[in-house]
Amino acid sequence: MDVPLYLRPRIDPPLASLLRAQTFLHSLVDALGSPLNVLLPEVVAENAERFRAVYRRHHLSGRVYFAHKANRSSALVRRLAAEDGAAVGIDVASLEELRHALGSGFTGDRIMATGPKDAEFLWLAARVGATVNLDSPGELEQLAGLVRGHGLGRVAVLVRLSGFESTAQGGTGTRLLARRSRFGTPVREAEVLLSALERHADAVELTGVAYHLDTTGVEEKARALEQCVLFMDECRARGLAPRAVDIGGGFGVGYLADAEEWERWTTALSEAVLGVRPPLTWRGHGYGLRNEGGTVRGTAALYPAHRPTAGPGYLDELLSLPAPVLGRPAATLLLEHLHDLYIEPGRALVDQSGLSLARVLDVRPAGEDLGQYLVRLGMNAGDMSLEEHGVLMDPVLLPRGEPGGDEEQEGPVGVYLAGNLCLEADLITRRLVHLPRLPRTGDLLAFANTSGYAMDFHAHHAQRQPLARTVAVEREGDSWRWCPDEDYWPITPPGGTTA
């Protein structure tokens, strides 16, 4: 057979140790059902400290705000609430996330309210003393009205900007482009925003400027950061006193262990789309690529799953990059202007902090494709939605027991992973996944590193299938202890079953 196209996950300690505790993981699924999410709260605190180490390296002050939307867990939020309040906060993007953060131990002064906001969200944020990250002059008007109408104190606000210019090479030479975003006020409308801030100075206090760019391009983000610094100079000239630059999230995660596996698979996908090799996907799905007259067209809608620089390393690179106009590194600009740095990592802050487990329910040949199988799992695509975000990664096979007899000699096998919904489209991944051997009914597949936007972001009750339960686990000597996610508090170790 052809060399299997593995996409093996990057698994760091302690996640690697947890995956070796196969008997423990099987016992959890036996007791709590499939699918099951397993979280390591201590890892999220360690990740926050890695980001803080980058701050110290560049002699910067400011705060790391966890983007709560990445995961619904109470355990993760409570663990971060126990961190130094001057160093770690939380970014909430809805009224319920705000209520959850408050109930998990965050005080209002450590909370940043972002995203689209209704009146209830704005009122509670103002009432508890949260910082409000404003997307538009309209939000500013609404917030100021609530403050005055309900006798609230002045609210700390950041203004989010968009439409930053960047340079690109065109047919007539260098031209300027503006990165479009549905969030923030375009820079070209800054005068309207400044006038509104002055008009509502009795209700709001401008404490910073922010941006949100949906791109992995570090140069674009450096340009946006520079323009925020220049805008803050304009604010100071108008008598305002902002002191922080919020550069949002998007620091990324490296999901795969091997860069060559990623390069080999993406090359093979193009060859399969052209028809020069057998299909790699269910019914020839191209992930955005198509064959037009023998040429590959389109853009692969895939996350760059192998990223040598991600998370804290990406932040370090951004802060070290010279600004395109002023010519000095971003960190130097912040230091020169005595500005704090705010960041809002989501995926990167929960990196390596959890996994999703699914029991194998059925295994059968996949039609007429010799050597390929369809594996039905006790989960659906909403329970483990890595592919929804373009992330491709192999699961880890956790056998129910040790293989015996001829099965020990069974080599790599290609399988399609199907969900538990009565829908043709319910595939856990549309990619042919290669496993070291054919799974058996009762085995588990462990999807590693699903804490960020995958284990509960798209979860639903379709066809009355059960939602995955979530547990928090902690290493205790040579064993593991666990408790339901909602019962975890950082003042005591998780109680409950011991492996």
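The values are calculated or read from the model by the stated rules, or taken from the named source; none is laboratory data. Keep in mind it's a predicted model, so treat the numbers as computed, not measured. Please note: Cβ atoms are built from the backbone with ideal geometry, for glycine as well, and neighbour counts cover all protein chains shown. With ligands, DNA and RNA removed, areas are computed over all heavy atoms of the protein, side chains included. Shrake-Rupley method; radii C 1.70, N 1.55, O 1.52, S 1.80 Å.
Given the structure, is Leu421 modelled with pLDDT of 95 or more, more than 24 Å from the chain's Cα centre (by Cα) and either surrounded by 19 or more Cβ atoms within 10 Å (Cβ to Cβ) or not assigned by TED's automatic domain parsing to the domain that holds Ala75 (or both)?
Details: modelled with pLDDT of 95 or more: no; more than 24 Å from the chain's Cα centre (by Cα): yes; either surrounded by 19 or more Cβ atoms within 10 Å (Cβ to Cβ) or not assigned by TED's automatic domain parsing to the domain that holds Ala75 (or both): yes.
So Leu421 fails the test.
Suppose the filter is out of contact with any strand residue (DSSP E or B) (no Cβ under 9 Å at 6 or more places or on another chain), open to solvent by 10 Å² or more (accessible area, probe 1.4 Å), part of a helix (DSSP H, G or I) and free of Cβ contacts under 8 Å to residues at least 60 places away in the same chain; does Glu260 pass it? Break it down stepwise before answering.
Working: out of contact with any strand residue (DSSP E or B) (no Cβ under 9 Å at 6 or more places or on another chain): yes; open to solvent by 10 Å² or more (accessible area, probe 1.4 Å): yes; part of a helix (DSSP H, G or I): yes; free of Cβ contacts under 8 Å to residues at least 60 places away in the same chain: yes.
Considered against the rule, which asks whether it is out of contact with any strand residue (DSSP E or B) (no Cβ under 9 Å at 6 or more places or on another chain), open to solvent by 10 Å² or more (accessible area, probe 1.4 Å), part of a helix (DSSP H, G or I) and free of Cβ contacts under 8 Å to residues at least 60 places away in the same chain, Glu260 comes out as yes.
Collect the residues in segment 209-233 that are small (Gly, Ala, Ser) and open to solvent by 10 Å² or more (accessible area, probe 1.4 Å), keeping them in residue-number order.
Once the filter is applied, which keeps residues that are small (Gly, Ala, Ser) and open to solvent by 10 Å² or more (accessible area, probe 1.4 Å), segment 209-233 yields only Gly217.
When you look at Val77, is it hydrophobic (A, V, I, L, M, F, W, C), touching a helix residue (DSSP H, G or I) at 6+ places or on another chain (Cβ under 8 Å), more than 22 Å from Gly313 (Cα to Cα) and modelled with pLDDT of 95 or more, yes or no? Explain how you work it out, then say what you get.
Working: hydrophobic (A, V, I, L, M, F, W, C): yes; touching a helix residue (DSSP H, G or I) at 6+ places or on another chain (Cβ under 8 Å): yes; more than 22 Å from Gly313 (Cα to Cα): yes; modelled with pLDDT of 95 or more: yes.
Against the criterion (hydrophobic (A, V, I, L, M, F, W, C), touching a helix residue (DSSP H, G or I) at 6+ places or on another chain (Cβ under 8 Å), more than 22 Å from Gly313 (Cα to Cα) and modelled with pLDDT of 95 or more), Val77 qualifies.
Out of the helices (runs of 4 or more DSSP H) lying entirely within segment 1-75, which hold 1 or more residues that are within 19 Å of Ile90 (Cβ to Cβ) and in the same structural domain as Glu97 (by TED's automatic domain parsing)?
On the way: elements: 15-20, 22-32, 41-57.
Here the list reads 41-57.
Of all residues in segment 66-86, which are open to solvent by less than 10 Å² (accessible area, probe 1.4 Å) and within 21 Å of Ala53 (Cα to Cα)? Give the derivation first.
Within segment 66-86, the subset open to solvent by less than 10 Å² (accessible area, probe 1.4 Å) is 66-68, 70-71, 73, 75-77, 80.
If the condition is that a residue be open to solvent by less than 10 Å² (accessible area, probe 1.4 Å) and within 21 Å of Ala53 (Cα to Cα), then Phe66, Ala67, Leu76, Val77, Leu80 are the ones that fit.
Can you tell me which residues in segment 135-152 are open to solvent by less than 50 Å² (accessible area, probe 1.4 Å) and among the small types (Gly, Ala, Ser)?
Keep residues of segment 135-152 that are open to solvent by less than 50 Å² (accessible area, probe 1.4 Å), which gives 135-140, 143-147, 152.
Across segment 135-152, the qualifying residues are Ser136, Gly138, Ala144, Gly145.
Does at least one position in segment 59-71 carry a residue that is among the basic types (Lys, Arg) and under 17 Å from the mean Cα position of the chain (by Cα)?
Looking only at segment 59-71, we keep the residues that are among the basic types (Lys, Arg), and these are 63, 69.
Filter once more, keeping what is under 17 Å from the mean Cα position of the chain (by Cα): 69.
For segment 59-71, residues among the basic types (Lys, Arg) and under 17 Å from the mean Cα position of the chain (by Cα): present.
Scanning for something in the same structural domain as His150 (by TED's automatic domain parsing), open to solvent by less than 20 Å² (accessible area, probe 1.4 Å), touching a Phe, Trp or Tyr at 6+ places or on another chain (Cβ under 7 Å) and outside any loop (DSSP other than H, G, I, E, B), does segment 265-274 turn up at least one residue?
Of the residues in segment 265-274, the ones in the same structural domain as His150 (by TED's automatic domain parsing) are none.
Checked against the condition, which is being in the same structural domain as His150 (by TED's automatic domain parsing), open to solvent by less than 20 Å² (accessible area, probe 1.4 Å), touching a Phe, Trp or Tyr at 6+ places or on another chain (Cβ under 7 Å) and outside any loop (DSSP other than H, G, I, E, B), segment 265-274 yields no hits at all.
Of the conditions (1) among the basic types (Lys, Arg); (2) at pLDDT below 95; (3) in a helix (DSSP H, G or I), Arg175 fails just one. Which one is it?
The number of the failed condition is (3).
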